[in-house]
Amino acid sequence: MHITMTLILQHADVLVTMDAQRREIADGALVANGPAVEWVGPTAELPEQYRRLVDEGRAEVVDMRGHVVMPGLVNTHHHMYQSLTRAVPAAQDAELFGWLTNLYMLWSHLTPEMIRVSTQTAMAELMLSGCTTTSDHLYLYPNGSRLDDSIDAARQIGMRFHAARGSMSVGRSQGGLPPDVVVETEAAILRDSQRLVEQYHDASRHAMLRVVLAPCSPFSVSRDLMRESAKMARHYGVSLHTHLAENDNDIAYSREKFGMTPAQYAEDLGWVGHDVWHAHCVKLDEEGVALFARTGTGVAHCPCSNMRLASGIAPIRRMRDAGVPVGLGVGGSASNDGAHMLGEARQAMLLQRVGYGPAAMSAREALEIATLGGAKVLNRDDIGALAPGMSADIVAFDMSGVGYAGAGHDPVAALVFCTPGNVSMSVINGRVVIRDGHLLTADLPNVLSDHRRLARTLFERAQAAGA
Ligand SMILES: [Zn+2]
């Protein structure tokens, strides 16, 4: 579904390209045609052929005065169904394992409708916050739920999507953390993974949908499933994703069960390479950082979740210096109850400073991690920057509101330093999905009303079942 009319954005106060020279163009303009960017430069230098289109009314022209225009942000880690279980009292003040234990039983009552509506809700929130590409890690499938439910939601709302087929196979009776009721057999997981890749994965440039294989974590699946998933991923050329080295208990589990650090375990399983990314890595040791750098293994940094669960401060400064690809993730909505991508970039900058000093991360580096960093982690070279041939994923922030008042000295840095605002415009794959701050691709009040009803139903069912 491509808009065939050429889209021309002009007179942006600043156009942030994230191109090879990291150009920031004053009074910038951009031309998009179909799914791709065709031209970027100063408005005064807009080529004659495009001026003619404007004069003849054959292009959609948007005046971006007062705005910063930049590449859409890329979210590399999420569990969207958790939007239904934000701020659950029993899970507000726990660390990871205690938090999970309190939530697993509740999640066992999810339905396909809940997956669909919570995914739409989470995507709407992300899109309004400047995100244009997201991954989602769905790892439990109760009551007939399927990854297809998330995929349907993404298609409806028009977001670029890396759908991660998560899974859990080692229940409590076998020494794992999750209750047996939410785990699947490994044969069923692999069968469904293959079906999803064959049915949906699109390897082409500007693909709107890719499938990822994503066993949930070392403490909820077997070595076998990790190895078999890696084998299948390499056969089909799809990426791999899981949680790794999230906190001290996670490290202790790895040492006790496998006799290895999480990084050694990942290497042993074939879970390193440019087609692999791990969420969190708060406790990745020096050897792990070197391994990830050497192999191009990516990290989804989720600062809010790490703070919320008191997991620690991920060594992002050291990872970046060593050459590890780092992207940003808002993390699941139950461990980061606000999923604002620009806000996450801000927290990434602030948290590195808490850990490693005021020069540990600049605002521009935070924006780079949120765009180019995420693209690299998802193993894509067609998103994360605005340059000819790149996907037309573009967001615009209106700098005239009170939140940015007085920050005109450096509007680009202001995006990260000031209170994060929502976008006024968003374009995904050449299609305008947000205009004047309004989402065009979903009836948001209705989606939210369904979401409220389903969140209530989920709790009532869990209560009735005695969870
Ligand atoms: Zn997670």
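The values are calculated or read from the model by the stated rules, or taken from the named source; none is laboratory data. The structure displayed is predicted, hence computed values, not measured ones. Cβ: placed from backbone, ideal geometry, glycine included. Neighbour counts: every protein chain shown. In case anyone asks, the SASA skips ligands and DNA or RNA and just uses the protein heavy atoms, side chains included. Shrake-Rupley method; radii C 1.70, N 1.55, O 1.52, S 1.80 Å.
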*Could you say whether any residue in region 367-374 is modelled with pLDDT of 95 or more, crowded, with 24+ Cβ neighbours inside 10 Å and within 16 Å of the ligand (Cβ to nearest atom)?*
yes
*Filter region 250-280 for residues that are part of a loop (DSSP other than H, G, I, E, B) and closer than 19 Å to Leu177 by Cα and give the result.*
Gly259, Met260, Thr261
*Residue selected from region 285-335 under the condition open to solvent by less than 30 Å² (accessible area, probe 1.4 Å) and on the phi > 0 side of the Ramachandran plot, by the criterion nearest to the ligand (Cβ to nearest atom)*: Gly331
_Wholly within region 144-243, helices (runs of 4 or more DSSP H) carrying at least 2 residues that are closer than 19 Å to Gly270 by Cβ, assigned by the TED database to the domain that holds Tyr81 and touching a Pro at 6+ places or on another chain (Cβ under 7 Å)_ = 223-236
*What do you reckon, is Ala345 more than 16 Å from the ligand (Cβ to nearest atom), assigned by the TED database to the domain that holds Ala300 and within 14 Å of the chain's Cα centre (by Cα)?*
yes
*Within region 375-388, can you find the residues that are open to solvent by 30 Å² or more (accessible area, probe 1.4 Å) and not in a helix (DSSP H, G or I)?*
Asn379, Asp381, Pro388
*Pairs, please: C-beta under 7 Å, at least 6 apart or cross-chain, first residue open to solvent by less than 30 Å² (accessible area, probe 1.4 Å) and in region 418-446, second part of a strand (DSSP E or B) and of a type in the set (S, T, N, Q)?*
Ser426/Thr132; Ile428/Thr132; Asn429/Ser391; Val433/Ser426; Ile434/Ser426
*asked:* Quick check on this structure: which one of Arg58, Arg65, Arg51 is of a type in the set (D, E, K, R) and either free of Cβ contacts under 8 Å to residues at least 40 places away in the same chain or buried (at least 16 other Cβ atoms within 10 Å of the Cβ) (or both)?
replied: Arg51
*Just checking, how many residues over region 157-198 are surrounded by fewer than 22 Cβ atoms within 10 Å (Cβ to Cβ), touching a residue at least 60 places away in the same chain (Cβ under 8 Å) and of a type in the set (Gly, Ala, Ser)?*
1
*Checking Asn143 against (1) polar (S, T, N, Q); (2) modelled with pLDDT of 95 or more; (3) within 24 Å of Arg453 (Cα to Cα); (4) within 16 Å of the ligand (Cβ to nearest atom), which test does it fail?*
(4)
